[in-house]
1. Tell me what the chain gives for mean residue ellipticity at 222 nm when only DSSP H runs of n ≥ 4 count, each as -39,500 (n - 2.57), the sum divided by the residue total, rounded to 500 deg cm²/dmol.
2. Report the label-to-label distance for Arg111 and Asp82 in nanometres (one decimal), using points 7 Å from each Cα along the Cα→Cβ vector.
3. State whether region 209-291 is rounded, prolate or oblate according to the following rule on the C-alpha gyration tensor (a ≥ b ≥ c being the square roots of its eigenvalues): a/c under 1.5 gives rounded; otherwise a/b larger than b/c gives prolate, and the remaining case gives oblate.
4. Pairs of alpha-carbon atoms within less than 8 angstrom and 6+ residues apart define the contacts here; what relative contact order does the chain have, in percent?
5. If the only charges are +1 at each Lys and Arg Cβ and -1 at each Asp and Glu Cβ, what is the size of the charge dipole of region 270-363 around the Cα centre, to the nearest 20 debye?
6. Extension gain Asp16-Thr279, at 0.36 nm per residue separation less the Cα-Cα distance, in nm?
7. Of Leu375, Thr404, Thr329, which is farthest towards the positive pole of region 295-405's charge dipole, taken about the Cα centre with +1 and -1 on the beta-carbons of Lys, Arg and Asp, Glu respectively?
8. Return the loop-located GluC sites (Glu not before Pro) in region 121-175 (DSSP other than H, G, I, E, B) with at most 12 other Cβ atoms within 10 Å of their own Cβ; answer none if there are none.
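None of the figures in this text is laboratory data; all of them are computed from the coordinates on show. Predicted, not measured: the structure shown is a model, and the values here were computed from it. Cβ placement follows ideal geometry from the backbone for every residue including glycine, while neighbour counts extend to all protein chains displayed.
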Amino acid sequence: MSRRFERKQNIFRNKDALGESYQPDRIEERDEEIEEYMDALQPVVDGWEPNNIFLYGNTGVGKTAVTDYLMDQLQEDVTDYDDVDLSVISLNCKTLNSSYQVAVELVNKLRPAGGEISSTGYPQQTVFKKLYEELDAIGGTILIILDEVDSIGGRDELLYELPRARANGYLESAKVGVIGISNDFKFREQLDPRVQDTLCERELQFPPYDAPELENILSSRAEVAIAEGAVENGVLNYCAALAARDSGSARQALDLLRLAGEIAENQGDDVIVEDHVETARSRLEQERVEEGMRELTTHGRLALLAVISKAAKEETPCRTRDIYEEYTTLCESSETDTLAQRSLHNHLSDLRMLGILSAHENRSGSRGNYYSYQLDVPFTSAIEAMSDVLRLDGEIQTIREIATMNDVV
Ligand code: ADP
Ligand code: MG
């Protein structure tokens, strides 16, 4: 058989090092945060009861990476002290949406294979009790890391109970500390005040990275991930600048670099250049928009299409009532019933939350304030994504033509 697969390794040295699961051996640019984090963990080393810690910051700012790094370090360093017996239990809560589910997962993580409990059917307190039994069986100091804990929403009883279990006599030998990590600061505010008091005993915040910080993170990662000489000068700087301007997320910067590398590789180029990054940027942006749009209802999509249409005519930013007019027309051509202007306004707010639209508040004297909206993603990305999800081909074609006429594209 003739060969069809061929190894391509001219761009990447270790592509996995740009992936989701890679754990860097060096953390850049987080010295202050690490110091504060270590300070909060000091009681563990000293053999006292651990602090509960709440760590928050946007996605991609190093919360998980720094936590993993420090836990490895801590586990290694406490082996020097015979009276400290530390266990670290990590759980990502992304797919779990209540305390109950988190408790079940924890119990099952601690039980030997075959002894797992089912994820339904027990009263919550029974599951908590089983959890305390498992924890006591381990004994010593136990740090429980609940990453992306914001996904449990308002069902936060465990965050109240777990840190108090010892004081309430549920735990005899185990000293438990909870480290809650959240991508969403609002989660902290919506926690039951009693939970806030206990869980947020120590609060750490990771701010977004700026461009020079991202560039450092990228170059230290590129050393591992990218082949020698396979990235042109200025490319890391460019990725860093784009990510800094948008989210300040190292994840975003690394994703850009990885996709740019894949694009270069697919085109048979030996070096990643800015053009590849540019292509990567627009593809990632389009993916984000598409993802956001998949979640939208029909009217959400029509609302967005109305703004796209205004953009095609170079009439954005524009206010709700003008968008409403456009929206009504679109509803008619797709034979959909029209919502009231007020509901359209809610859809526009949602689109704004998704980062697809941006809004400016305008003051108009006695008549109060009003918002005007515009696309927050490139016109072409929006319209490409739209074509995939809506069966309004004729309309989209027209909008595209108007856009071409106005030089929007
Ligand atoms: P978060 O948990 O805040 O969403 P992560 O810790 O997952 O963010 O970081 C996203 C990506 O960026 C990971 O690949 C991580 O290794 C990397 N990263 C983030 N911050 C740093 C840093 N300070 N130094 C090195 N790599 C980092
Ligand atoms: Mg994380």
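1. Rounded to the nearest 500, the figure is -16000 deg cm²/dmol.
2. Between Arg111 and Asp82, the label points sit 3.6 nm apart.
3. Since a/c reaches 1.5 but b/c is at least a/b, the shape of region 209-291 is classed as oblate.
4. 17
5. Values: 12 positive and 19 negative charges, 100 e Å.
That gives a dipole near 480 debye.
6. Difference between extended and current length: 92.6 nm.
7. My answer, from the dipole projection, is Leu375.
8. Glu172
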